[in-house]
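Enquirer: First the structure, then my questions, so here it is.
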Amino acid sequence: MQLNQFLLLSAFLFCTGVYGVLARRNGVLVLMSVELMLNAVNINLVAFSAFNHGVSGQVFALFVITIAAAEVGVGLAIVLLIYRNLRSPDLDQVDQLKG
Amino acid sequence: MLDYAWIIVFLPALSFVVILLFGKKLPRHGSEIGIAAVGASFVLACIAVVQWISRVENASESGGFKALGKGFLAKAGAHEVVVKPVVHSVTWWQNGGMKIGAGTQIDGLAVVLLLVVTLVSLLVHIYSTAYMHGDRRFTYFFAALSLFTASMLLLVVADNTLQLLVGWELVGLCSFMLIGHWWEEGVNSDAALKAFFTTRTGDIGLMIGVIVTFFAAGQTFNIVSINEAALAGNGGHAIWLGAAVCLLVGIIGKSGQFPLHTWLPDAMAGPTPVSALIHAATMVVAGVYLGARMYGVFWQGFSIHAGGVNAMALIGGVTIIIGALLAFVQDDIKKVLAYSTISQLGYMVMGLGVGAWTAAVFHLFTHAFFKALLFLAAGSISHSGSHHSFDMKRDMGGLRKYMPITFATFMIGSAALAGLPPFAGFFSKDEIIATAGHSGYTTFLYIGLVGAFLTAAYMTRAVYYTFFGEFRGHGEPHESPPAITIPLVVLAVMSVLTGWLNATVIHVEKFQQWFEPRFAFPTDVVHPSFEWGMAGIAVLVALAGVGVAYEYYWRGVGHGATERNPLARAGYTFLLNKYYLDDLYERVIVAGIKGPIARAAYWTNQNVIDAVVNGVGKGAVVVGRFTYDVIDQQVVDGAVNGVAEASGETGGLLRYMQSGRVQWYAAILFMAVAVLSLALIVFS
Amino acid sequence: MVAENVAFWIIAVAMAAAAIGVVRSQNVVHAALYLVVVLAGAAAQYILLAAEFVAWVQVLVYIGAIVILFLFGIMLTRAPMRGDTELDNDQRWVAAVTALFLLGVLVFLLVDAFGDRSIKVDNSLRAVGLSQNVADSIFRTYVMPFEIVSMLLLAALVGAVAIARRD
């Protein structure tokens, strides 16, 4: 197997995640897109670990998964808070920083 | 005084200013200042005369004032000694070799005129305090009299032609002011304008003459230099002839010679003191004075020594006759005297023209006194006798019973004018006629005799209408107050005595001796000695004139001739209309010139000047509108508004940067990352 | 190696399609399910790469816990489940441009850098991916990060509770 095919897959997933982060209105969906990006990164790490015959890539991937889990937890808590205050999960309405 | 003669001029000028400033507040309304100033000038003028005479006497061989006492009858044997005039001048202004100065040139002629002007002016001042009493512009009258006196004196003492011209114009102006003293009545202002314009026409000649003499004499205005250059014949004969003709035109205008005499009778509309001062004794003789002063020019230009006919004598002669003829048909006593003045001025000019310098100036001297006397007497009559009217036929008559002093002085004046001995006019007029005969101007001798005849006749007529017969006026005639009669008496005395200053019959030639210039003066002037024959003829002619008039008026001989004889009537009508000269001047000459010029000027004004002005205005409007619409509204406002809009737009655009939405910020972030990484790849 | 390549490509295409479904679906629940497919596909790719421990952890944690969290989140925020509201915001096109641009840069970079490298899956690689090896590595070499991560998990837990608490 080529290294590149894993890397390209990872790049594709990452960019799809970017699109989702930028384009989705619902906060939950934004978090899902973030997950996509993290997964892309994970694939990259494991691919390189296999390429190098080393274990550190996989260990790093494990840590990423852990942190992703933590992040989702906190993120959803925030989304819940927003929803509670604005009656809607629409992120477009969160514009208090508007100048 | 000869060296300080300018003071004589300065005092009346000062009094003019003082009267204008303070006159109204003074107890006698300014007349006291005028009298004081002119009186002081008169005293100084007398001193000047005495000083000049002593100067002449000292210079001559028979010299000294002591000799005067016993030598009054001595023959004037010291002709040949040259006595120079006393000249003082200051340079006013210099421009490349041309000097314009102001100064005094005192010689015999000047002191004679100084005396005449100041004395007559003083008497007129005194007279006017009574005559003009209660007048609406009493103070201004005296101010104008002072200004006139100062101007005339300025003219008299002038040492250069420019100063003479200044004085000349000033006296013309004062004449205008004084003739039109009662300008509220249209007749008076018309008369003033007529006088001014007519003399102005003559002044054109004077100005050209001044310029010509300036160049002919080698670029100098100095009178002595001009006379010397003329007598030497510098530059040829023709230029001096031209100069003489031009100056003669000036004399014609100012001294009322034919054909510019028409203003003088109308000038009688002014107050009588004015007529006496200006139009008898002083201003009108300014022309004769010019002729006497610049005699070298005339002598050379008209070749006076040659005899025959020359322009000056001719004009003088014509003037004598036409003036005298017109005096016959006047009802207004002042007009009679005015035409008489014209006629006598003709004598003076003719005298100069035939080479009788001394006689002409002497006649000027004596005429000033008796003509002023006659005018002041006429004023006295109108003041106290005829209710301010001068119409002899209607409002006078038989006044000798009521106004004896006026009657006596008037008779003396008339006799002097007619040329009857022993009065002054006899000596002066006779000399002119005699010189005419001796110098080869026989035509003018006859003219002079005819003039004498006419003068006697018309004066007798005037005397008859005024003082004899029944009183035809209304009111109560009475004698005038002393302020009026005293000047009359003084002048009458002068009319008697002054003749004897040059009574050639008894070989007194003091006038000639003292006052005839010998410096820059033709040396071949003729001085005929007294001839009993000539004098006798002159006296007979005068008496004949008196006699004929007496027959006509007292006895009624020849009355009604104008009704019976159509030729006589035509002649009478011709005279009545003053030879139709006024009509010729006004309707033909003036209207013919003025009409087209006025129309052309109006057309130019409407179409050319107004078009330019309107065009400029319209142009300004168009420019203004353009500026407003295009430049202001579009360009300037456009720029200003554009800046504001640009700011707004930019702000509107930049507003999006701060949307407050996280995803927008994230988009920018990722985009930046992509761009930066691209940059990293490309540039490394 | 043909079998692995075929397997890889099938799974890769599925993952790609599912990823696009996540970001383009108009139904929130569908998007969550598409995410499950992606995560599963990722696990399968790990297996292909002989990283069995990571693969199972992926399945357990991601699919098992995180997706459940998402579903709970969807439920609690009353996210519209019927697909009648617009779920994309106004800057879609900007986002698309950005993503494509980024994709272009990354592809160019990767092709240029790792154009011809290949992965040899052999027994030494399988020995690397063994659970035992990974565990040894975690608890020996990377024990510090391990402890810190567990602290972080605690912090996150407490934080999430603190944030979402009703008071």
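Residues checked against (1) more than 9 Å from every other protein chain (Cβ to nearest Cβ); (2) touching a residue at least 40 places away in the same chain (Cβ under 8 Å):
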position: C:VAL57; (1), (2): no, no
position: C:ASP90; (1), (2): no, no
position: C:VAL94; (1), (2): no, no
position: C:LEU102; (1), (2): no, no
position: C:LEU125; (1), (2): no, yes
position: C:LEU130; (1), (2): yes, yes
position: C:TYR142; (1), (2): no, no
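Enquirer: Can you tell me which residue among B:VAL245, B:VAL212, B:VAL249 is touching a residue at least 60 places away in the same chain (Cβ under 8 Å) and either among the aliphatic types (A, V, I, L, M) or farther than 28 Å from B:LEU147 by Cβ (or both)?
Expert: None of the other options fit; the residue is B:VAL245.
Enquirer: Among A:VAL34, A:VAL72, A:VAL41, A:VAL30, which is the only one that is within 7 Å of chain C (Cβ to nearest Cβ) and either closer than 30 Å to C:ASP116 by Cβ or in contact (Cβ under 8 Å) with a residue 40 or more places away in the chain (or both)? Before you say what the answer is, go through the steps one by one.
Expert: Values: A:VAL34 fails: within 7 Å of chain C (Cβ to nearest Cβ); A:VAL41 fails: within 7 Å of chain C (Cβ to nearest Cβ); A:VAL30 fails: within 7 Å of chain C (Cβ to nearest Cβ).
When all the criteria are applied, what remains is A:VAL72.
Enquirer: Something else: Of B:ALA216, B:ALA280, B:ALA229, which residue is within 22 Å of the chain's Cα centre (by Cα) and either of a type in the set (A, V, I, L, M) or within 30 Å of B:MET494 (Cβ to Cβ) (or both)?
Expert: Values: B:ALA216 fails: within 22 Å of the chain's Cα centre (by Cα); B:ALA229 fails: within 22 Å of the chain's Cα centre (by Cα).
Going through B:ALA216, B:ALA280, B:ALA229 in turn, the sole match is B:ALA280.
Enquirer: Would you tally the residues in segment B:226-248 being polar (S, T, N, Q) and under 13 Å from B:ARG293 (Cβ atoms)? Show your work before the answer.
Expert: As a first pass, look at segment B:226-248 and keep what is polar (S, T, N, Q): B:227, B:234.
Checking the rest, the ones that are also under 13 Å from B:ARG293 (Cβ atoms) come to B:227.
Summing the residues that are polar (S, T, N, Q) and under 13 Å from B:ARG293 (Cβ atoms) in segment B:226-248 gives 1.
Enquirer: Out of everything in segment A:26-56 that is of a type in the set (Gly, Ala, Ser) and within 13 Å of the chain's Cα centre (by Cα), what residue ends up being farthest from C:LEU35 (Cα to Cα)? Spell out the reasoning first.
Expert: As a first pass, look at segment A:26-56 and keep what is of a type in the set (Gly, Ala, Ser): A:27, A:33, A:40, A:47, A:49-50, A:54, A:56.
Going one step further and asking which of them are within 13 Å of the chain's Cα centre (by Cα), we end up with A:27, A:33, A:40.
Working: A:GLY27: 15, A:SER33: 9, A:ALA40: 12 Å.
Selected residue: A:GLY27.
Enquirer: Among the numbered criteria (1) surrounded by fewer than 24 Cβ atoms within 10 Å (Cβ to Cβ); (2) farther than 22 Å from B:PHE670 by Cα; (3) at the interface with chain C (Cβ under 9 Å from one of its Cβ atoms), which one does A:SER49 miss?
Expert: So the condition that A:SER49 fails would be (1).
Enquirer: Within segment B:594-605, can one find any residue that is within 30 Å of B:ILE322 (Cβ to Cβ) and not basic (Lys, Arg)? Steps first, please.
Expert: Here is the first cut: in segment B:594-605, the residues within 30 Å of B:ILE322 (Cβ to Cβ) are B:594-595.
Next, from what is left, pick out any that are not basic (Lys, Arg): B:595.
Yes.
Enquirer: Pull out all pairs, ordered by first then second residue, where Cβ-Cβ is under 9 Å, the residues are six or more apart or on different chains, the first lies in segment C:106-117 and is within 9 Å of chain A (Cβ to nearest Cβ) and under 22 Å from B:ALA672 (Cα atoms), and the second is part of a helix (DSSP H, G or I) and among the β-branched types (Val, Ile, Thr).
Expert: What qualifies is C:LEU109/B:ILE681.
Enquirer: Which of the helices (runs of 4 or more DSSP H) found entirely inside segment B:596-684 contain at least 2 residues meeting this: within 14 Å of another protein chain (Cβ to nearest Cβ)?
Expert: Working: elements: B:610-626, B:637-655, B:662-682.
The qualifying helices (runs of 4 or more DSSP H) are B:637-655, B:662-682.
Enquirer: Continuing with the same structure: Please work out if A:VAL55 is at the interface with chain C (Cβ under 7 Å from one of its Cβ atoms), farther than 25 Å from C:ILE68 by Cβ and of a type in the set (Val, Ile, Thr).
Expert: On the way: at the interface with chain C (Cβ under 7 Å from one of its Cβ atoms): yes; farther than 25 Å from C:ILE68 by Cβ: yes; of a type in the set (Val, Ile, Thr): yes.
When the stated conditions are applied, A:VAL55 passes them.
Enquirer: Moving to a separate point now. Suppose we filter C:LEU157, C:LEU125, C:LEU69, C:LEU106 for residues that are at negative phi, at pLDDT below 85 and surrounded by 12 or more Cβ atoms within 10 Å (Cβ to Cβ); which single one remains? Steps first, please.
Expert: Values: C:LEU157 fails: at pLDDT below 85; C:LEU69 fails: at pLDDT below 85; C:LEU106 fails: at pLDDT below 85.
Sole residue among the options that is at negative phi, at pLDDT below 85 and surrounded by 12 or more Cβ atoms within 10 Å (Cβ to Cβ): C:LEU125.
Enquirer: All but one of (1) within 30 Å of A:ARG25 (Cβ to Cβ); (2) surrounded by 10 or more Cβ atoms within 10 Å (Cβ to Cβ); (3) not basic (Lys, Arg) hold for B:LEU653, so report the exception by its number.
Expert: Here B:LEU653 meets the rest and fails (2).
Enquirer: Continuing with the same structure: Given (1) at pLDDT 85 or above; (2) in contact with a helix residue (DSSP H, G or I) (Cβ under 6 Å, 6 or more places away or on another chain), identify the lone condition not met by B:MET207.
Expert: Result: B:MET207 fails condition (2) only.
The values are calculated or read from the model by the stated rules, or taken from the named source; none is laboratory data. Quick caveat, the model's predicted, so the values are computed rather than measured. Neighbour counts are summed over all protein chains in view; Cβ atoms, including those assigned to glycine, are modelled from backbone coordinates with ideal geometry.
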